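The values are calculated or read from the model by the stated rules, or taken from the named source; none is laboratory data. Worth saying up front: this structure is predicted, and the values here are computed from it rather than measured. Positions of Cβ are backbone-derived with ideal geometry, glycine not excepted, and every protein chain shown enters the neighbour counts.
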Amino acid sequence: MHYHAYEMAHVMMSPARLMNRAMKLSLDFPLNPFSKIPPVRMLSAACGVFESLTRRYGKPDFAIEEVMIEGRPVGVQEQIAARRTFCNLLHFIRDPAAVAHRNDPPVLLVAPLSGHYATLLRGTVRELLAHHDVYITDWVDARDVPLHEGDFGLDDFIDYLKDFISLLGPGSHVIAVCQPAVPALAATALMAEDEDPVQPASLTLMGGPIDTRINPTIVNRLAEQRSLTWFEHNIIARVPFPNAGFMRKVYPGFLQLTGFMSMNLERHATAHVDLFHDLIKGDEDSVRQHNQFYEEYLAVMDLPERFYLDTIERVFQQHALPEAAFRHRGRLVDCRAIRNTALFTIEGERDDICGLGQTSAAHRLCPNIPEHRRQAYVQKGVGHYGVFNGSRFRRETRPRITDWINTMTRSRPF
């Protein structure tokens, strides 16, 4: 019912938004003799903030047209390397003539299926592209998938990863950001047990919930305190008409966004107050930075019901992977089978989504990886977002990832 209420509220706001837009156009009209006086600037700024808070944000584009490699601009093109019902594998193809001499190994960047689009990792992709041949999982909004296409659960997520790793071929590297840490580790374990020749050369887990019993956060506690039935009855909704996924059961993206926003409500409120003042001052650079961030942050997608409930139950309530009870289609996943894939874990010192120690717990589960092929790193002074994006990531974390991948490529034992 809340999904219908959300849609109705958006429709009811449409007249107010039209009036707001018309008012702002008239206030900012160049020939308006009063456009520069303080009261008018304040009213125009208020209209700008109202627009920012009430409009619906669609899926952003990666919009990466070139990157700097060895001090020279290199063109980049997006290509869909594989299509699946709930995910497209995107390949960022750098100008072949400019990178032919580099022989960079392929890197699969596994984006989280947790409410935001894969474009949230745009900065991560851009930084990696200067040093690696990058692919990314571009998850499809569940409200756009017709009901007859079937469901999607955590086991399907693992199958997708195994397929994508196989497509990249031998010697590929996997980087899983946040939620995909569990299915990425499970997929690697399954491929290792099968002695698959294309099992990844290295697996990098960034801020992922491998063992949420360690330093539990508010998110972890909520998942444990509520029953699975409670989530099903209070969180899950059916996609309303006229979306392509009409009647599909989903975890609505706007509910996920509400949870994220409420965790840092004061910071978001301050950001919009700052936007108001920047609009009054005409500080276009600050306004642009604000808009760029929130156009990405406020763009959300729906998650398939089964995937969401599977994750809540198996990852956050049962702790199936650290308890050695995680099963993929009935088959027990044994992380001890991983011997040849190097393991690198990265955590944020101030992460309030995935507590410190939850990701590095993967090392305990994989005792048969040689010591020289494993590493745990904590990025000082960053929260969850800073683990995979921002200035600290660019200056400190990304170089470590690149050095790790290059070293493991040279020392690959199979």
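Of all the residues that make up the range 1-40, how many are in contact with a helix residue (DSSP H, G or I) (Cβ under 6 Å, 6 or more places away or on another chain) and at pLDDT below 70?
Final tally of qualifying residues: 1.
Count, please, the residues in the range 62-93 that happen to be touching a His at 6+ places or on another chain (Cβ under 6 Å) and loosely packed, with under 12 Cβ neighbours inside 10 Å.
Number satisfying all stated conditions: 1.
Restricting to the range 217-236, give me the number of residues that are outside the structural domain of ILE405 (by TED's automatic domain parsing), of a type in the set (Val, Ile, Thr) and in a helix (DSSP H, G or I).
Residues flagged as outside the structural domain of ILE405 (by TED's automatic domain parsing), of a type in the set (Val, Ile, Thr) and in a helix (DSSP H, G or I) within the range 217-236 amount to 1.
State all residues of the range 338-360 that are hydrophobic (A, V, I, L, M, F, W, C) and surrounded by fewer than 21 Cβ atoms within 10 Å (Cβ to Cβ); if no residue qualifies, say none.
Hit for the range 338-360 is LEU356, nothing else.
For the range 361-394, give me each residue that is of a type in the set (Gly, Ala, Ser) and surrounded by 16 or more Cβ atoms within 10 Å (Cβ to Cβ).
Start the filter on the range 361-394 by keeping residues that are of a type in the set (Gly, Ala, Ser), which leaves 361-362, 376, 381, 383, 386, 390-391.
Matches in the range 361-394: ALA361, ALA362, ALA376, GLY383, GLY386, GLY390.
Conditions tested, residue by residue: (1) modelled with pLDDT of 95 or more; (2) under 18 Å from the mean Cα position of the chain (by Cα); (3) outside any helix (DSSP H, G or I).
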position: SER286; (1), (2), (3): no, no, no
position: ASN291; (1), (2), (3): no, no, no
position: PHE307; (1), (2), (3): yes, yes, no
position: ASP352; (1), (2), (3): no, yes, yes
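Looking at this structure, is VAL76 touching a Phe, Trp or Tyr at 6+ places or on another chain (Cβ under 8 Å) and modelled with pLDDT under 80?
Values: touching a Phe, Trp or Tyr at 6+ places or on another chain (Cβ under 8 Å): yes; modelled with pLDDT under 80: no.
Taking the combined requirement at face value, the residue does not satisfy it.
Could you look through the range 250-277, keep only residues that are crowded, with 19+ Cβ neighbours inside 10 Å and not hydrophobic (A, V, I, L, M, F, W, C), and pick out the one that is modelled with the lowest pLDDT?
Among those residues, the one meeting the criterion is GLN256.
Right, ARG213: in contact with a His (Cβ under 7 Å, 6 or more places away or on another chain), among the basic types (Lys, Arg) and either surrounded by 24 or more Cβ atoms within 10 Å (Cβ to Cβ) or within 15 Å of GLN317 (Cβ to Cβ) (or both) or not?
Working: in contact with a His (Cβ under 7 Å, 6 or more places away or on another chain): yes; among the basic types (Lys, Arg): yes; either surrounded by 24 or more Cβ atoms within 10 Å (Cβ to Cβ) or within 15 Å of GLN317 (Cβ to Cβ) (or both): yes.
When the stated conditions are applied, ARG213 passes them.
Going through the range 237-249 one residue at a time, which ones are in a loop (DSSP other than H, G, I, E, B), modelled with pLDDT of 90 or more and surrounded by fewer than 20 Cβ atoms within 10 Å (Cβ to Cβ)?
Residues satisfying the conditions are ALA244, PHE246, MET247.
Matching residues to (1) assigned to a helix (DSSP H, G or I); (2) surrounded by fewer than 14 Cβ atoms within 10 Å (Cβ to Cβ):
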| residue | (1), (2) |
| --- | --- |
| PRO15 | yes, yes |
| ASN20 | yes, no |
| LEU25 | yes, yes |
| LEU31 | no, yes |
| ARG41 | yes, no |
| CYS47 | yes, no |
| SER52 | yes, no |
| TYR57 | no, no |
| PRO60 | no, no |
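Whether any residue in the range 75-88 is of a type outside the set (A, V, I, L, M, F, W, C), in a loop (DSSP other than H, G, I, E, B) and under 32 Å from the mean Cα position of the chain (by Cα) is what I want to check.
Within the range 75-88, one or more residues are of a type outside the set (A, V, I, L, M, F, W, C), in a loop (DSSP other than H, G, I, E, B) and under 32 Å from the mean Cα position of the chain (by Cα).
On the given criteria, is ILE214 out of contact with any helix residue (DSSP H, G or I) (no Cβ under 6 Å at 6 or more places or on another chain), among the β-branched types (Val, Ile, Thr) and not assigned by TED's automatic domain parsing to the domain that holds LEU168? Show your work before the answer.
On the way: out of contact with any helix residue (DSSP H, G or I) (no Cβ under 6 Å at 6 or more places or on another chain): yes; among the β-branched types (Val, Ile, Thr): yes; not assigned by TED's automatic domain parsing to the domain that holds LEU168: no.
So ILE214 does not fit the description; no.
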